[in-house]
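Each remark here refers to the structure printed beneath this line.
The values are calculated or read from the model by the stated rules, or taken from the named source; none is laboratory data. Just so it is clear, the structure is predicted and the values come from calculations on it, not from any experiment. Positions of Cβ are generated from backbone atoms using ideal geometry, with glycine treated the same way; all protein chains shown enter the neighbour counts. What goes into the accessible areas is simple: the full protein's heavy atoms, side chains included, and nothing from ligands, DNA or RNA. Shrake-Rupley method; radii C 1.70, N 1.55, O 1.52, S 1.80 Å.
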Amino acid sequence: MSYFNLERIVETMKRRKLLFSSLVLATLAIGVVIGTVINRSVNADKTGSGANVAAIAIPSPTQLSSEFTKIAKAVEPAVVNINTESIIKPDRRSPRRGPSPEDDPFDFFERFFGGPQGPRHPMKTRALGSGFIVDKAGYILTNFHVVEKADKINVSLANGDEYPAKVIGKDEATDLAVIKIDAKKDLPTAALGNSDAMNQGDWVLAIGSPFGLEQTVTAGIISATGRSGLQSQFQRFLQTDAAINQGNSGGPLVNMAGQVIGVNTAILTPSGGNAGVGFALPSNTAANIYNQLVKTGKVTRGAIGIQMQVADVTTKTLKALGSPDGKGVIVSAVTPEDGPAAKAGLKQGDIIVEIDGKRTEDPSVLSSVVAELPVGKKVTVKYLRGGKEMTTSLTIEDRNVMFSEKEGEAESQDSTESGRTRLGVSVQSLTPQMAREMDLDTNEGVLVTDVVPGGVADEAGIQRRDVIMEVNQNAIRSPEDLRSITNKLQSGTYVVFLIKRIDQFGRASNLYLAATIP
């Protein structure tokens, strides 16, 4: 595992104020496939979640051990150890101050990375990871972070044979990569299973090379499914308590049918070692990424042209917007104006509950489903508007994330309109500078300057520097509008705010928040 990745992830976790100390990428690999395209096989013996517990045959320790042995023997020949070499070049942007880190044998991070300026001299670094063969021609699936900065890649097979490898394609968003070796013979492969069929409590085995210890097998269960929000919006992990450590990254997580159902990718840990909280990318996601990388060398993701509210989504907010069960994905913006969602009639404030026949109870599910839909496919979308379920259809388009920078201009005179409202919030009109930062017009919303603890706005989650754009879907253009509308609200009823907020990364997004009028 790369210490650079560890440092970066720790910083990310700190910024997001998560309760865990660090997110450590663990090097593993997943071997699968027959031919160039991976075909997923479904475990026919899956037991439904509603099965009678008394009817489930519980294997004895001896029987379970025997099954583990069979699975390990069947899968291990396809699991590989990946060794990489990288050359870190000196950064000559600015001279180093103070004593050389090379004089301090204990200052590893400074010596390795050279602090902000990088190392003083070219340095060769090595890293270990895992992977598994997905095609008998030598295609191997592993993690992106295993081969991300590699100048040389060497693959060791279970029988001891070693081969140089080349990168076929990489996808940072899912942390997956495909590499290939030329063994000049057919190689053993692993079979992919259906990750969607895995349930909490299912037994699994993790196989890989933790700390360089090749062909290590650990056992555990699926602790949870659909874990999201750890790294990328396109990742929804299987969580497992099977021991995963540095060097396991890219290796397979295997079910009791001997099928790969996940690619071991990351762990949450306060110490850098296994703490029983590991994460594997589902095999269904891996198969989709693998097929695209092998065919085109890149990954194309679908998009429908909306922004989803991800932060501060509560059951109360969803119910206030018309979701009876408090589930669904809030459309915080429809963009671009000529995108699929806009053409299909979707509007800000709609709640998407199903797309292409798949229920979308939260943003991570919708994001994952849409990303994997093929460009050009026409799909049906079910959504709620004002509590009424509606249906439309749209055509999936290619995701095209664009960044633009706007040149700052001199800030104009501040507006003097302010005052505290019944909601327990003080506001003022937007200045031209504030409007530019938020990509708004000066008469499009009011800036929150203070929030009273325990008030309605505080209950909803409104913060200082938020911009209130709507109250109960009524546009707010001035502090007078806010006071006029909120003074008419009845006690005991919901109030729904549409606000715009700039996050810690400088990105502006729309959020729906709700509270109850006392």
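Things to note:
- The criterion of at least 2 residues that are open to solvent by less than 20 Å² (accessible area, probe 1.4 Å) is met, among strands (runs of 3 or more DSSP E) falling completely within the stretch 224-340, by 237-240, 252-254, 259-268, 278-282, 329-334.
- Qualifying residue in the stretch 475-482 (condition: hydroxyl-bearing (Ser, Thr, Tyr) and within 22 Å of Gln433 (Cβ to Cβ)): yes
- Just one of the listed residues (Gly454, Gly492) is of a type outside the set (A, V, I, L, M), closer than 20 Å to Ser323 by Cβ and either open to solvent by 60 Å² or more (accessible area, probe 1.4 Å) or in a loop (DSSP other than H, G, I, E, B) (or both), and it is Gly492.
- In the stretch 175-218, the residues that are of a type in the set (D, E, K, R) and either in contact (Cβ under 8 Å) with a residue 24 or more places away in the chain or closer than 24 Å to Arg236 by Cβ (or both): Asp175, Lys180, Asp182, Asp186, Asp196, Asp202, Glu214
- Taking the stretch 411-441 as the range and being within 20 Å of Gly461 (Cα to Cα), at pLDDT 80 or above and among the polar types (S, T, N, Q) as the test, the residues that pass are Ser426, Gln428.
- Residues located in the stretch 456-472, provided they are farther than 17 Å from Thr314 by Cβ and at pLDDT below 90: Arg464, Arg465
- Residues in the stretch 172-223 that are crowded, with 24+ Cβ neighbours inside 10 Å, out of contact with any Phe, Trp or Tyr (no Cβ under 7 Å at 6 or more places or on another chain) and in a strand (DSSP E or B): Ile179, Leu192, Gly193, Val204, Ala206, Ile207, Gly208.
- The stretch 473-488, residues that are of a type outside the set (Gly, Ala, Ser), open to solvent by less than 60 Å² (accessible area, probe 1.4 Å) and modelled with pLDDT of 85 or more: Ile476, Pro479, Asp481, Leu482, Ile485
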